[in-house]
1. Could you tell me which residue out of C:TRP59, B:THR204, A:ILE265 lies farthest along the dipole of the protein assembly as shown toward its positive end? Charges go on the beta carbon: Lys and Arg +1, Asp and Glu -1, centred on the Cα centre.
2. By how many degrees, between 0 and 90 and to the nearest 10, does the Cα long axis of helix A:194-211 differ from the longest principal axis of chain A?
3. Among all the lysines, which ones have a C-alpha under 17 Å from A:LYS6's C-alpha, if same-chain residues fewer than 8 places away are not counted?
4. May I ask you to list the lysines whose Cα is less than 26 Å away from that of B:LYS141, ignoring any residue fewer than eight positions away on the same chain?
5. Please determine, in degrees from 0 to 90 and to the nearest 10, the orientation of helix B:141-154 with respect to the longest principal axis defined by the Cα atoms of chain B, where the helix direction is its Cα long axis.
6. Could you give the distance between the Cα centres of region B:25-73 and region A:36-73, to the whole Å?
7. Which lysines have a Cα lying under 21 Å from the Cα of B:LYS314, excluding residues fewer than 8 positions away in the same chain?
8. Angle check, please: helix A:117-128 long axis (alpha carbons) against the longest principal axis of chain A (alpha carbons), in degrees 0 to 90, nearest 10.
Amino acid sequence: MAGTGKAHLSQGETVLRIEDLFVEFPVGRSGLKVSAVAGISIDVREGETLGLVGESGCGKSTLGKAIMQIVRANSGHVMFGDIDLMTLQGEELRQTRPRLQMIFQDPISSLNPRRRVGKIVREGLDIWKIGDEASRQAKVLEVLEVVGIDAEAAIGRRPHEFSGGQCQRISIARAVATEPRVIICDEPVSALDVSVQAQILNLLEDMKARYGLTLVFIAHDLAVVKNISDRVAVMYLGKLCEIATPDDLYASPAHPYTAALLSAIPVADPEVNPTLRGGVGGEIPSPLAPPSGCRFRTRCPLATEKCAEEEPQIQEIRPNHFVACHFPLAEGQELPALEANIA
Amino acid sequence: MSAESFAESSATTPSSDAPLLVVNNLKTYFKTDRGLVRAVDGVSFTLERGRTLGVVGESGSGKTVLARSIMGLLPKRDVERSGSVKFEGVELVGADNSLMAQYWGDQMAMVFQDPMTSLNPVMRVGKQITEGLRQHLDISKDHANQTALALLSSVGIPEPERRLRQYPHEMSGGMRQRVMIAIAIACGPKLLFADEPTTALDVTVQAQILDLLQTQQRDRYMAMILVTHDLGVVAGRTDEIAVMYAGKIVEKAPTKVLFSNLRHPYTEALLSSIPKISDPSHTRLKTIGGRPPNLINPPTGCKFSPRCAYATDKCRTEEPPLSAPDSDGHQFSCWFPVELSAKQTSGVR
Amino acid sequence: MRDPLPDHGEELIHLMHDSEARSDVPADSVTQHFAAVSAGTVKAKKKGLTIGAWIAVGWMTLLILAAILAPVLPIPDPINDANPLKAAQGPTLNHIFGLDGNGRDVFSRIIWGARNSLFIAFAAVITGFIIGGALGLISGYFKGRVGGVLGALTDILLAFPQLVLALAVVSFLGRTVFNVTMALAIVSIPILARITRASTLSWSERDFVTAARAQGAGHIRTMLREILPNVLPAMLSIALLGIAVAIVAEASLSLVGAGVKPDVTTWGNVIFSGQAYLREAPSMVLFPSMVIFFTVYALNYLGDVLRATFDVRESAL
């Protein structure tokens, strides 16, 4: 799963265009480096929701933070419109902030416990001195109402008086207050109960329609990603595996890792015997010493020597369906069942 | 407590033909400054040997407190526990810790959600497994080490000799959960609680751990109570499912019956609010309005009535009892149960 | 199997936290309950203060009022109203704490002493609070080179034996109120810097700090508006203990002859002047010592109350 290559980048208008992005973190003073994002290229089109999905350690959150420039990448380009965010520093970078916003996983940690909700949502407007006092207050009330919070009652309260779901709504209100073009959503529903999760997913769809947003939606739950995305990119160990429209990707995954992920999802149907599914064993290898060639080969039931020697390039196997694999699965082809379960 | 007195206490009751676990009207309240939190409010069920029960609910439903209350793992201070929990006929509510210590590990064990915090970070994994073995089974150190080795390989840990000498932080999340399972099954408990055992794990690892729990449960003929918020986790892996809401079981049925013929509006709503992989992208999700109930001042009547699409005045004033099991073993507490089958209403494939 | 009881509180809190995070239940009841039970702070978290806390607050209020009002209170002058004929007397109706070696009223001297001792302690710790707090906030927020240098500086200051440091400052610059205050301030700076830094480090990991940066907040705005309000309770709690320590340190400096000159009445000087008469009139040492004891105890207690209140609040988040 190498995922290098740019065959999947579109020629037309993009809001965000990430090219050859590398992010490495030093590990203590050992001199070792974790390569969290290893040469990713991806684009986000105007008005779409791009889903980024993968297990922990695949680099999806780091990618999101590197786009935001909260984590500075080691090399590569992050084109936001026609500005390369990677070349900006300090004040210039700060000027781009209101256009690019973020929603976090932990709704409670993402709100300052000692500030009142009204102030939290107003922060961006205050920083950028958007409008006068009255119009800022009106904007705060508007966005809070839109996300389904009783604004008048909420502005004077502190975050701990709200539930997790409500805190996430407030986070969304804060993010849209400065009228951004793009919002990076980093696992926005994974800390929520299922019933609340559905409310937030619906809300994000509504906000997207209302404010004409472009979303990058990062999550580990494939069903959630499918529900909200227009295109889905699957990541593994800092590399891109596969990128396609959700209906196509989920119906006929071409990358063995995507197929394994899909088969591992617990299905709420007792007629499906979960132990007979195809899948992969083992766990993600250490990002300190990623496998050579295709990074997924150590767990891949289809791996050959070629996979160890040569990193697969992203190729288009069907219209709008790109995969980085030497031996992509054909439509209808399934992974062999897990040996452990057969035995 | 010595083995002798333990034998004595179990001799007073007919243990062999009693069901493994009978929970009757179990209540567990927490005293807080804001009032009494009714975390578990009158739960009854029976679990036979070797059977698996899935307990499903959202946070605040009381599912976790129920598991801990049955096992007697709650702090004594500021906790009111009443009702009855009979394990092989022996009453555990009100039992002191020395009696409970005979049960913990030996008769019943628990696998926790977060393997990182439930393992001792400064003790080698091998020692953590053998400790319980030697305490309960009174075996030699060598024998315990051999058993630990066998346990680690049986839970699918490669190179068990090396792993025995490692500390928890040297292992991945999945490996740690395997170690937790090894510790839990070490003394051959008859009842295993798994409290959200895979919530902290990745999808591919989650599937492996659930498979492991299932094989261990079958091979060892353990009964298992699998506590989770995810109906998908219990669907293919349990004999029966109990759905909890506001500290009560609102619906309980054999797994297949529940999914094909669900009756409680909450179960229906829960199922339909999960995004389904089989649905096309951008399918509008059905949501449950409102918020989970306040456990200090719960709504009158049916606890779900403020959020229920079908609620009437009767629901808001009169609490429906959990019905007696029908011919399928299906129980629910609702005045106006859902008539349609789950497949028609929720579109589960 | 591991005995499940001993560390179970922690597991429960963790569990309750986890489930709380994914919940739509207000983050109060159960989470708070377990956090409180396990932290043993159930009492402290109750609305309002306990009796002990009220007594401590009452004592400090009384003391501070007396210190401020000393010039207008109907008490003898602590320096000039000397009467060598009635030197070193025990408590009487007219002089409830007795008279010192120069026949001065000990009660009056304690109140005037409070005026100077509390001023020195408060001024020292407030200076330490501002400078140490700023150092800690900056070094905790900028984790890179700036943080490293400031952190090392703090460590060096901490490594100095504190009393020796204060002694050196006072004997080098002279025994004035200002110099003693500065000496104690220098001692309190690294302590406050350390605490602030530790607390800042943990708070700046939170998502809301990242969120503020993503909103376009500058570093100073982020530090002052997002981090400082969260770090403040820990700083205040340590500052209260710091005041207590400074009071004792001032007295200790006087006893070794390195405090403020005897013509200024401080608690240290009151005790120092009573030293010679320990046999004849132990009250001269006993009463001021008791006042110091109660004050230090009250401040320590209030520091704990402050921390407990704020701890539970945090755990409820």
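Read-outs throughout are calculated quantities, based only on the coordinates presented, and are distinct from any laboratory measurement. Computed from a prediction, not measured in an experiment: that's the story for all the values here. We place every Cβ from the backbone using ideal geometry, glycine too, and count neighbours over all the protein chains shown.
1. Looking along the dipole axis, the top candidate is C:TRP59.
2. 70
3. A:LYS239
4. Partners found: B:LYS127, B:LYS190.
5. So the inclination is approximately 40 degrees.
6. Cα centroid to Cα centroid, the span is 41 Å.
7. In chain and number order, the partners are B:LYS248, B:LYS303.
8. Its long axis makes an angle of about 90 degrees.
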